[in-house]
Amino acid sequence: MLHNKNIVMGVTGGIAAYKAVDVVSRLKKLNANIDIIMTESAAKFVTPLTFQTLSQNKVTVDMFERPRNWDVEHISLAKKADIFLIAPATANIIGKVANGIADDMLSTTIMATKSKVVFAPAMNTNMYNNPIFKSNMEKLKGLGYEFIKTGSGRLACGDYGEGKMAEPEEIVEYVVNKFANNDLKGKKVVVTAGPTIEPLDLVRYLTNYSSGKMGYLLAEEAKQRGADVILISGPTNTNPPCGIKFVEVKTTNEMFNAVGKYFNDCDVLIKAAAPLDYRPVNVQDKKIKKDKDQINIQFIKNPDILAHFGNKKKNQIVVGFAAESEQVIQYAQEKLNKKNLDLIIANDISKKDAGFRADTNIVSIIDRKSRIEEYPKMTKKELSKIIIDKIISILKSKS
């Protein structure tokens, strides 16, 4: 995702420096190349060796240490950066940059770079609300520097309020979005994910094996392409991606109503959820006792979310999934035509590593012209990129 992207990261002297370790780890897992500059104060909180091990690059602290090569190091790092991230960013470093002070390796390199500079502030709430700091921050914003919003809560000093550095996943998402292809910018995408549940009595319910993984990855990919994303999800064990509107539902009717709330204003509906097709006619208001050898439960059909909105669409693109165990292509094509879809992803759930709970899938993708593309086993993350690419192609053909 960040392959061949050069990130220069400044770490300053605050207790939140421990979170910067997680930021570096996450960025490295996304294949970024990371060079780290620490202030001397930062090195009191976390050792340079920790960052050096994670980044696999030498960490710079001392401006006057013996050079590794004949480049002027703060200039070479300043030129190398595709983005310059300072996390945590203390009031001190923000004040220095705002007033043109360059008296250590980090402030000197920031002054020398032409790349985008992003601060993730971290400080005591009284410092954060100090008018001098606020003035410095607004001055830098006016000059094109960017700030990642701080969190609120209990601070390390024991105070409560604003000033907590954003969580590592939020910082990484911010960086990823800076490099994102914004070919879905201005588009609203609704994604459904996960199973639904239908109660039987006070303690029991029906559901299925859907993990929600595919829908969550599609929501994340659409967000990274610049879309305004609404993720409507049944109960899962997956944390929703940052920066999207998350709507949690339980029953199929709740999911149906939630989609209806956002459908008219959306450009794309991706229905990756696996809602239950039927629900009990009567939900018992007491626990069903096991005093009989057999019980009969009558079921009634739930609304078909995909068919309803596929046949209701005007200019929207509607994408569905077909999880089948036999005659996969035939059933998927029938579903695409009957439900007026633009694209359907057919998944043979009888195959190994292609079921609900797997991290991989083996699919065929069918479009409105009955063109069928078959794909080998791949991760659901890889598949999410392919599906979003196809949606973008359809959007471009309509414009």
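No lab work stands behind these numbers, since they all come straight from the coordinates. This structure is a prediction, so every number in the text was calculated from the model and none was measured. Quick reminder, even Gly has a Cβ in these numbers, built from the backbone with ideal geometry, and neighbours come from all protein chains shown.
Can you give me the Cα centroid spacing of region 350-399 and region 1-67 in angstrom?
Cα centres, region 350-399 to region 1-67: 37 Å.
Normalised by the empirical 2.2 N^0.38 Å for globular proteins, what value does the Cα Rg of the chain take?
That ratio works out to 1.20.
Round to the nearest 10 and give me the degree value, 0 to 90, for the angle of helix 213-224's Cα axis relative to the longest principal axis of the chain.
The angle comes out at about 50 degrees.
In deg cm²/dmol and to the nearest 500, what is the mean residue ellipticity at 222 nm of the chain if only DSSP H runs of at least 4 residues count, each as -39500 (n - 2.57), divided by the residue total?
Helix contribution divided over all residues of the chain: -10000 deg cm²/dmol.
Taking amide H positions as placed 1.01 Å from N in the peptide plane, with prolines and chain starts having none, which residues 5 or more places from K116, or on another chain, fall under 5 Å of its amide H?
When sequence neighbours closer than 5 places are left aside, the close amide H contacts are F84.
Arranged from highest to lowest average of other beta-carbon atoms within 10 Å per residue, in what order do the peptides 191-199, 307-315, 88-96 appear?
191-199, 88-96, 307-315
Can you tell me the relative contact order of the chain? Whole percent, Cα pairs under 8 Å, sequence separation 6 or more.
It comes to 10 percent, rounded to a whole number.
Averaged across orientations, what area in nm² does the convex hull of the alpha carbons in region 6-178 project?
Averaging across all directions leaves 9.1 nm² for the Cα convex hull.
Amide H of K5: which non-local residues (sequence gap of 5 or more, or other chain) have their own amide H closer than 5 Å, using H built in the peptide plane?
N33
So how tilted is helix 17-29 from the main axis of the chain? Cα-based, degrees 0 to 90, rounded to 10.
60
On a C-alpha basis, how far is the centre of region 270-292 from the centre of region 135-205 in Å? Whole number, if you could?
First find each Cα centre; the distance between them is then 35 Å.
Run the dipole for the chain about the Cα centre, Lys and Arg Cβ at +1, Asp and Glu Cβ at -1, nothing else charged, and hand back the magnitude in debye, nearest 20.
780
Would you calculate the convex hull of the Cα atoms in region 188-398 and tell me its volume per residue in Å³?
Expressed per residue, the convex hull around the Cα atoms of region 188-398 is 133 Å³.
Compute, for region 188-398, the length of the dipole vector about the Cα centre, with Cβ point charges of +1 (Lys, Arg) and -1 (Asp, Glu) only. Units Debye, rounded to 20.
About 300 debye.
Need the list of lysines near K377 for cross-linking: C-alpha distance under 17 angstrom, and skip anything on the same chain fewer than eight residues off.
Output for K377: K213, K351, K352, K385.
Rounded to whole Hz and in sequence order, give me ³J(HN,Hα) for region 122-133 from the Karplus expression 6.51 cos²θ - 1.76 cosθ + 1.60, θ = phi - 60°, writing x for Gly and Pro.
Computed from phi, the couplings for region 122-133 are 8, 6, 4, 4, 5, 5, 4, 8, 5, x, 5, 5 Hz.
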